[in-house]
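Participant: Have a look at this one.
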Amino acid sequence: MSKSRTTYVCQSCGAVHALWSGKCDACGEWNTLQAEQVESGPPKGLHSGSGSLKKGKSLDLVGLQIEDQKQIARMVTGIHEFDRVTGGGLVPGGAILLGGDPGIGKSTLLLQAVCSLALQGLKCVYVSGEEAVDQVRMRALRLKMDHAPVALASATNVRDIASTIDQNEIDVLVIDSIQTMYVDSVESAPGTVTQVRTAAQELIRITKRTKTATFFVGHVTKEGQIAGPRVLEHMVDTVLYFEGDRGHQFRILRTVKNRFGPTDEIGVFEMGEKGLSEVPNPSALFLSQRQPDVTGSAVFAGMEGTRPLLVEVQALVAPAPYGAPRRSVVGWDQNRLSMILAVLEARCGMAFSNSEVYLNMAGGIRITEPAADLAVAASLISALMGRPVPAECVFFGEIGLSGEVRAVSQWGQRLKESAKLGFTNACIAETVSSQKKTSASYSDMKVREIKHLDDLIHILREGIV
Ligand code: TYD
Ligand code: MG
């Protein structure tokens with residue numbers, strides 16, 4: 001007879017431990033281990049008495065060619081920022097995880113998406129485990145989408161939802177959120193790794209069979225009381241994260257994984273009174289509040305997936321009153337800032353060690369590209385020297401440990417976007433000469449190639465680019 005025993009499961013990465021400890025050895029997160037009951041003993045039914053595998057039924061083997069063209073037709077919401085991120089629309093049977101902090105706007109985004117799909121005649125079902133039907137209706141009213149024929153339900157039992165999927169021909173299903181769902185044959189509480197995994201597995205199995213495109217909303221929590229979306233990432237086809245600073249109205253939808261399209265794409269939205277609206281030209285938005293002639297401000301011409309994005313990098317260097325000086329970063333990698341400060345100190349003789357350094361990507365955006373190094377260095381040098389960076393100039397390039405500036409990809413697109421927004425100068429890494437084609441879209445720009453950080457310091461000191 002099988003007995004139940006207690007194991008400790010990390011709610012962030014799903015690693016199983018025999019004993020409780022404060023830190024998960026697998027992912028390094030603190031306070032994420034939670035007790036869960038598991039049935040011990042051999043798995044039921046797989047082995048026959050003699051130890052060899054029981055006979056299964058033979059599989060139906062099929063060819064590679066798609067038999068029904070309808071299966072690859074994508075479902076397009078018409079919200080361009082959303083469609084680009086999903087790789088050009090939803091795929092029948094595709095499972096999409098939408099992760100993000102509570103209150104960031106996941107429910108709002110998905111309600112808007114399914115409303116526009118429903119208005120095209122697709123059968124859309126929205127199952128909320130968090131809100132009552134009337135609350136979802138009130139949100140639809142606020143979004144002025146209450147006329148859309150979306151079928152609503154408030155439910156948390158996976159068995160009931162599974163029957164509903166089986167009995168209705170659903171095109172698009174939203175499960176909001178997966179952490180509220182439970183499978184009644186599993187003993188753990190809703191929100192634990194075991195429940196979240198089992199519920200998602202069960203729902204994905206059914207929706208793949210019925211060719212229903214399914215969104216799973218997954219809250220990200222730092223405290224680890226509920227399982228994070230991490231444990232689901234490998235089970236779904238597409239992983240999207242909705243991020244943004246709650247103090248700002250911008251929200252960024254980012255593709256982390258996509259079996260049906262490119263990753264690293266972003267969609268930019270603005271949260272307003274009537275829900276989320278698209279931001280077709282995010283560069284203009286991110287630069288809109290830039291002040292000219294301020295020290296420590298440099299514009300980075302970045303790429304997010306296939307799309308160029310201009311962002312203002314701000315740095316502040318202040319005297320450290322006592323002890324170890326602070327280094328604080330918002331929207332960028334702390335280690336990368338330390339590296340650039342070390343390179344500026346060791347290779348170029350700039351003294352930051354007695355100063356506090358603050359770095360901020362303006363507008364609440366998070367940048368992950370190493371190509372931002374050059375713009376970060378420019379803002380740091382400008383802040384330290386107390387001289388503004390020429391306002392009409394953009395920067396991009398990766399910095400190496402000897403202070404050399406390395407080439408980055410897609411420089412043509414970066415320049416094109418900069419020219420479009422009225423920038424006349426660019427300081428960029430040296431590019432391979434075979435790539436040097438001048439395009440009419442940025443031929444008026446003065447492009448300066450920078451080999452080493454010393455050249456950048458020289459340019460900023462002289463104030464001419
Ligand atoms: P919500 O979609 O409920 O977030 P999540 O599902 O990720 O938890 O969005 C919650 C926030 O968005 C809430 O603070 C209110 C705000 N909001 C607006 O500002 N305008 C709107 O039109 C709507 C619907 C929400
Ligand atoms: Mg919600």
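The values are calculated or read from the model by the stated rules, or taken from the named source; none is laboratory data. Given the structure is predicted, the values throughout are model-derived calculations rather than measurements. Cβ sites come from the backbone with ideal geometry, for glycine too, and all protein chains shown count toward neighbours. SASA here: full protein model, heavy atoms, side chains in, ligands and nucleic acids out. Shrake-Rupley method; radii C 1.70, N 1.55, O 1.52, S 1.80 Å.
Participant: For the stretch 410-426, check the following and say yes or no: at least one residue is of a type outside the set (Ser, Thr, Tyr), in a strand (DSSP E or B) and free of Cβ contacts under 8 Å to residues at least 40 places away in the same chain.
Facilitator: No, the stretch 410-426 has no match at all.
Participant: Another question, then. Taking the options 269, 215, name whichever one is within 19 Å of residue 94 (Cβ to Cβ), modelled with pLDDT of 85 or more, open to solvent by less than 20 Å² (accessible area, probe 1.4 Å) and within 16 Å of ligand 2 (Cβ to nearest atom).
Facilitator: Unique residue meeting the criteria: 215.
Participant: Taking the criterion of being closer than 21 Å to residue 255 by Cβ, more than 16 Å from ligand 1 (Cβ to nearest atom) and modelled with pLDDT of 95 or more, would at least one residue in the stretch 159-181 satisfy it?
Facilitator: yes
Participant: I'd like the full set of residues that are surrounded by 15 or more Cβ atoms within 10 Å (Cβ to Cβ) and either in contact with a Gly (Cβ under 6 Å, 6 or more places away or on another chain) or part of a helix (DSSP H, G or I) (or both), limited to the stretch 315-338.
Facilitator: Residues satisfying the conditions are 315, 316, 336, 337.
Participant: Could you pull out the residue among 389, 408 that is touching a helix residue (DSSP H, G or I) at 6+ places or on another chain (Cβ under 8 Å) and buried (at least 23 other Cβ atoms within 10 Å of the Cβ)?
Facilitator: 389
Participant: Further, regarding this structure: Please tell me if residue 251 is free of Cβ contacts under 8 Å to residues at least 40 places away in the same chain and of a type in the set (Lys, Arg).
Facilitator: Taking the combined requirement at face value, the residue does not satisfy it.
Participant: Run residue 146 past the list (1) surrounded by 13 or more Cβ atoms within 10 Å (Cβ to Cβ); (2) within 13 Å of ligand 1 (Cβ to nearest atom); (3) touching a residue at least 12 places away in the same chain (Cβ under 8 Å); (4) part of a loop (DSSP other than H, G, I, E, B) and report the number of the one that doesn't hold.
Facilitator: For residue 146, the failing item is (3).
Participant: Now for a separate question. Give the number of residues within the stretch 331-387 that are of a type in the set (Ser, Thr, Tyr), over 18 Å from residue 397 (Cα atoms) and touching a strand residue (DSSP E or B) at 6+ places or on another chain (Cβ under 7 Å).
Facilitator: 2
Participant: Then there's this: Please enumerate the residues belonging to the stretch 88-136 that are within 12 Å of ligand 1 (Cβ to nearest atom), at negative phi and open to solvent by 40 Å² or more (accessible area, probe 1.4 Å).
Facilitator: Answer for the stretch 88-136, where residues must be within 12 Å of ligand 1 (Cβ to nearest atom), at negative phi and open to solvent by 40 Å² or more (accessible area, probe 1.4 Å): 101, 102, 130, 135.
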